[in-house]
1. Roughly how many whole Å is it from the C-alpha centroid of the range B:228-263 to that of the range A:147-204?
2. Accessible surface of B:Thr392 in the full protein assembly, 1.4 angstrom probe, to the nearest 10 Å²?
3. Ranked from highest to lowest mean number of other Cβ atoms within 10 Å per residue, what is the order of the peptides B:326-339, B:256-269, B:8-21, A:286-299?
4. Between A:Ile314 and B:Glu31, what FRET efficiency follows from the Cβ-Cβ distance if R0 is 30 Å, with the result rounded to 0.05?
5. Heavy-atom accessible area of B:Arg254 with all protein chains present, probe 1.4 Å, nearest 10 Å²?
6. Taking only DSSP H segments of four or more residues, each worth -39500 (n - 2.57), what value at 222 nm results for the protein assembly as shown once the sum is divided by all its residues, to the nearest 500 deg cm²/dmol?
7. Roughly how crowded by other chains is peptide B:264-270, in terms of the mean Cβ count from those chains within 10 Å of each of its Cβ atoms?
8. With every protein chain left in place, what is the accessible area of B:Thr252 in Å² (1.4 Å probe, nearest 10)?
Amino acid sequence: MSESAAQKLKDELEQQLSDSASARDSYVSELEDAAAEGDAALESTVQQEPAMAVLCDKTLPAKTRVEVLDRLAGAISRRDDYIEAMLEIVQDADDDDDVRSAALNLLGTAAFQVARFRPHEQAYLQALRDLVSDEDANLREAAVDTLAVQHDPEVQQTLLAGLQGDGPLPVPRERAIQLLAEDDHLDNLPWLRELYAGGSDDERQEAVRLMSAYPAARETLEGVLRDRDEATQVRQQSAASLHNLAPEHFENLAKEIATDSSDYAEIRMVSLSTLQHLGDSDSVYGDADFLSALQDVGADESAPPVAERARSIIEGSPEQ
Amino acid sequence: MRTEINISSKDAAGRTYLTWAPVRATIKLLEPASADPVRVVLSNNDSSRGGQLEFGTARDRLAPTLNLTLPANGAEIAFFVAGDFPKSSSADGDAVIKSALAGAARGALSTTSVMVRVRKDANTLSPAERARFVTALATLNDQGAGLFKNFRAMHRESAALDQAHGAPGFLSWHRAYLLDLERELQKINPSVALPYWRFDRPAPNIFAEDFLGRTNPDGFGNVLFSSSNLLRFWQTDGQAGISRRPNFNVQTGRANVSTDATTLLTGGARPNAIFDSGPGQDPEPVTSSFGFDEMEGNPHGNAHTSFQGHIRSASTAPRDPLFFLLHCNVDRLWGVWQWFNNRFDGTQAKTYFFRGTAGSRSSTDIGHNLGDTMWPWNNVTGAPRPSNAPRTPFPVVPVAPSPGRAPKVGDMIDYQGLLNANSRQGFCYDDVPYGIAPP
């Protein structure tokens, strides 16, 4: 590398850092002013910790407090008092929802620093569980999402009860099914069938994706893959799900679809890609009838990407 | 008459992979026309395309051409070769060394194809580069049955996360984690390098159907893939697919993170920038910064929490392939900080505060001191380490001598082999040069 290239890079970086330092200094000055304008009860905090003063001052504009939260993340997990302040804000239903939401996000960030965050782990979990019944829909959904992805048994119980009509659902029914299905150790197949039967294209796709954990869903998935009236994205997902669930079964069906020129190109492409990259080589290249049909597909230029993919599979044959 | 070049960063199949770090090479004359020495020039075969190289007889003085005199008896002459920053390869073997007679207008005594293999901004990858990466990753996953499951297991349980998060070894551990994964991907396709997600900029090409998948913003949070994208078969923990719902507009916006410049300022301005302030410090989180390792919060943590779904929580985050691009950018930021502040010498407090081993005076948690080996590659199990070791030993490859089978925290610092050529790890970034920034 030429010395001038290194010099240029260093000069650019130095300028950016200088600009950033100026912006930070000017923000700190604004923060001190904002803290001084706020609640006099926080006066002693204003002197030493303007950020904490602004954060805890509900009389200040939400935007000002959210900006503090946006700038806090760096060292936040080292300060127990800040974590505790954020837990209080999150659980304070009278506080501004944007501030609560930003505080919840920041707690999520702090939780990533696992060892440092451990003393607050239980309080954070409890705060998330409390938010499941919060009045604010966004906070509710964020909490349910975070808990469901981690297979929290309490939120699973709440979702299940809601789906069975035994309690309120904290999120829309379709989302409740989606989030409950994050844990495939639960018997979610009936809910996923419900989602598939009545959902939009996106919801049916999710139902099909999540069915891949349930062997009893095999026939449903096969039916979806064969259904030419079904949306392309749903059929594509069913190919992936069926392949995950029953690879050999899928391969037979994929060969059939891939060589059927009357089917949609996108579905044939998924079938061919899967056979090429994830299929059993003996099953693909040991099937003379399939290879013969593939020759015809490769010569059929009515669907060029499909033909190209077919030729690529033939070229990849161990015999070539 | 011809020449033969041998470069000391070949893989098992004899293909050569270079980064910005100079590596030793030799050239010798074969079938000489006379008994006289021959003057040759090394250069790039095509300076208008492909990866570009530079050469020199000393590691710290390289240029796009090099004149050498080769003895007629076939004795080897040593030189150094490296990728010419920032001109990286986009395909295997697209950087070609030409050896020609000095003064000859045309003709080559030999050509040697290599790849300048660097980690690039994922938003700028070519379709072919994207496809190679995605296919290798999907192959490693093998619908949940492949080696990827061990990488997922390394970042799940609480005891495992203690080895990787919330303490100063965070950056070293993840540097090793990424390199381990990258080496496995390179066994599948050696031209693959991990790309990084510049989360402080819009990166719409990453969140596309032919790459890491597109989430329909008006839909149900589904991650959609193109028909040829094998990530549609992604499976972790027995479950198909990825759960990922961005909290920002991935087409036009950026994650809720600090900018690169703000991140590089944590730890202070050069020449006094520090990695970590050690125990007993109590930083005021807005007005002060007490070490570069604060970046574990922002931008690292903030990038994770810019989504709902798997990537939002430490125990589930590696279930989303985006995790590895996010962390690659975290590692790149450390690389930029090291280059800008000259922080490659682990024996210096400003480079790494906890320079002992666990249990020694002024040490911190096990796995986070400079002399500690890192789990799981060290195969040490049982409290306070986790109960099992999903990946051990660290993969050793012929293209780079470091970090060895059981890397220590300190082994990950001099990753380009700046202070010790044997520390070179065979990876680099498209915007982080070899060496240190000019004064």
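1. Using only Cα atoms to place each centre, the spacing works out to 23 Å.
2. 60
3. B:326-339, B:256-269, B:8-21, A:286-299
4. 0.10
5. Solvent-accessible area, nearest 10 Å²: 100 Å².
6. Taken over the protein assembly as shown, the calculation gives -12500 deg cm²/dmol.
7. 3
8. Accessible surface of B:Thr252 is approximately 100 Å².
The values are calculated or read from the model by the stated rules, or taken from the named source; none is laboratory data. This is a predicted model, so every value here is computed, not measured. Positions of Cβ are backbone-derived with ideal geometry, glycine not excepted, and every protein chain shown enters the neighbour counts. Accessible surface areas use protein heavy atoms only, side chains included; no ligands, DNA or RNA. Shrake-Rupley method; radii C 1.70, N 1.55, O 1.52, S 1.80 Å.
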